[in-house]
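Engineer: Structure below; questions to follow.
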Amino acid sequence: MKCALKQPFVMGKQSKSRNNMASISLSEIGLVESPYRQKFGIPRQPGLAPAAKGRIKLLGEVNSPDAFKSIEQYSHLWLIFVFHETMAQGWKPLVRPPRLGGNVKAGVFATRSTFRPNPLGLSVVKNEGIEIIKRQVYLNISELDLLDGTPIVDIKPYLPFADALPHASSDFAPTPPSTQVEVHFAELAKQQLSIIEVRYPKLQVLIEQVLLQDPRPAYKRNKADDKVYAVSLYEFNIRWQVNHHIITVLDIT
Ligand code: SAM
């Protein structure tokens with residue numbers, strides 16, 4: 001069967017400096033359903049919050065079990081996706097990676113910044129298998145770092161022999177980001193969790209894994225901070241505050 005492209009993205013449209021670059025049209029093949037309902041709080045790479053589970057709803061001709069035959073042979077998959085939430089903001093050659101504290105500049109291609117000439121992201125996620133519900137094909141995934149509604153443009157198997165390079169080096173991000181914080185739950189939050197857990201048994205673990213990343217801007221980290229922050233996971237608004245190195249979850253509504 002020959003498949004037509006659906007909903008094309010014209011890559012690089014936002015860049016002011018691409019007058020002499022050819023445009024390429026890509027189509028979305030699926031949409032991500034994710035617990036992350038806003039950008040704030042999403043880990044900066046996949047794998048940092050293993051309790052994050054989501055799925056990809058396949059679209060158009062790609063909504064076909066045939067397209068996923070044998071995918072169970074791979075534990076992990078590469079996702080190529082569109083940074084749809086930020087693509088309208090365009091890009092600059094120099095960016096300030098949060099990993100460098102937000103005040104040192106690096107070239108966009110030396111970073112995993114979301115603001116790129118072609119707003120494409122690349123994440124390796126755990127393959128949790130295909131599910132078909134009323135003729136709709138879903139690809140279940142976990143450990144994702146993607147916003148709800150993210151358009152997927154390609155899926156490829158992760159090949160350890162070619163993709164895992166134990167001797168590769170990465171000077172400014174050699175290991176996962178480390179924070180000094182502990183996460184505690186206030187009495188009210190504990191009570192609310194005990195009710196919510198019937199439907200979302202992993203919510204507490206996910207909140208802990210997300211907040212252990214300390215999603216605040218880097219410049220806030222070593223200063224007194226009495227602000228009440230909120231992250232959005234599934235349909236819940238989770239409010240939290242930091243005192244020295246303790247993050248306290250105040251309530252979950
Ligand atoms: N792993 C990917 C990569 O390296 O291309 C993404 C890295 S990027 C630094 C991760 C951040 O992208 C997340 O913390 C989240 O804030 C942001 N993000 C995730 N999905 C997005 C989307 N659809 N549009 C814009 N930003 C998104």
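The values are calculated or read from the model by the stated rules, or taken from the named source; none is laboratory data. This is a predicted model, so every value here is computed, not measured. For neighbour counting, all protein chains shown are included, and Cβ atoms are generated from backbone atoms with ideal geometry for every residue, glycine included. What goes into the accessible areas is simple: the full protein's heavy atoms, side chains included, and nothing from ligands, DNA or RNA. Shrake-Rupley method; radii C 1.70, N 1.55, O 1.52, S 1.80 Å.
Engineer: Just checking, does region 130-137 include any residue being assigned to a strand (DSSP E or B) and within 11 Å of the ligand (Cβ to nearest atom)?
Structural biologist: Looking through region 130-137, none of the residues is assigned to a strand (DSSP E or B) and within 11 Å of the ligand (Cβ to nearest atom).
Engineer: Give me the residue from region 97-109 that is within 30 Å of Ser23 (Cβ to Cβ) and more than 13 Å from the ligand (Cβ to nearest atom) and, out of that set, most open to solvent (accessible area, probe 1.4 Å).
Structural biologist: Filtering first and then ranking leaves Lys105.
Engineer: So which of Arg112, Arg116 is open to solvent by less than 70 Å² (accessible area, probe 1.4 Å) and not in a strand (DSSP E or B)?
Structural biologist: Unique residue meeting the criteria: Arg116.
Engineer: Kindly indicate whether Ser123 is under 21 Å from Ser27 (Cα atoms) and within 16 Å of the ligand (Cβ to nearest atom).
Structural biologist: Yes; evaluated as a whole, the condition is true for this residue.
Engineer: OK, next. Quick check on my filter: what residues within region 212-228 are surrounded by 16 or more Cβ atoms within 10 Å (Cβ to Cβ) and touching a residue at least 60 places away in the same chain (Cβ under 8 Å)?
Structural biologist: Gln213, Pro215, Ala218
Engineer: Having 2 or more residues that are more than 11 Å from the ligand (Cβ to nearest atom) and within 17 Å of Pro151 (Cβ to Cβ) is the bar; report the strands (runs of 3 or more DSSP E) wholly within region 17-88 that clear it.
Structural biologist: 25-27, 30-33, 53-58
Engineer: Here is a further query. Among the listed residues Arg96, Arg44, Arg116, which satisfies the condition of being within 25 Å of Arg221 (Cβ to Cβ) and without any contact (Cβ under 8 Å) to a residue 40 or more places away in the chain?
Structural biologist: Of Arg96, Arg44, Arg116, the one residue that is within 25 Å of Arg221 (Cβ to Cβ) and without any contact (Cβ under 8 Å) to a residue 40 or more places away in the chain is Arg96.
Engineer: If Glu187 satisfies every condition in (1) within 15 Å of the ligand (Cβ to nearest atom); (2) charged (D, E, K, R); (3) not assigned by TED's automatic domain parsing to the domain that holds Ala52 but one, which is the exception?
Structural biologist: Here Glu187 clears every test but (1).
Engineer: Looking only at region 231-253, which residues are free of Cβ contacts under 8 Å to residues at least 60 places away in the same chain and open to solvent by less than 50 Å² (accessible area, probe 1.4 Å)?
Structural biologist: Phe236, Ile238, Trp240
Engineer: Sort out which residues of region 110-120 are within 12 Å of the ligand (Cβ to nearest atom) and of a type in the set (A, V, I, L, M, F, W, C), and write them in order of number.
Structural biologist: Phe115, Leu120
Engineer: Has region 155-164 got any residue that is outside the structural domain of Gln213 (by TED's automatic domain parsing) and within 12 Å of the ligand (Cβ to nearest atom)?
Structural biologist: No, region 155-164 contains no residue that is outside the structural domain of Gln213 (by TED's automatic domain parsing) and within 12 Å of the ligand (Cβ to nearest atom).
Engineer: Filter region 6-50 down to residues that are of a type in the set (Phe, Trp, Tyr) and modelled with pLDDT of 95 or more and give me whichever is most open to solvent (accessible area, probe 1.4 Å).
Structural biologist: So, considering only residues that are of a type in the set (Phe, Trp, Tyr) and modelled with pLDDT of 95 or more, the one most open to solvent (accessible area, probe 1.4 Å) is Phe40.
Engineer: Then there is this: Can you tell me how many residues in region 51-75 are under 18 Å from the mean Cα position of the chain (by Cα) and either surrounded by fewer than 19 Cβ atoms within 10 Å (Cβ to Cβ) or among the charged types (D, E, K, R) (or both)?
Structural biologist: 4
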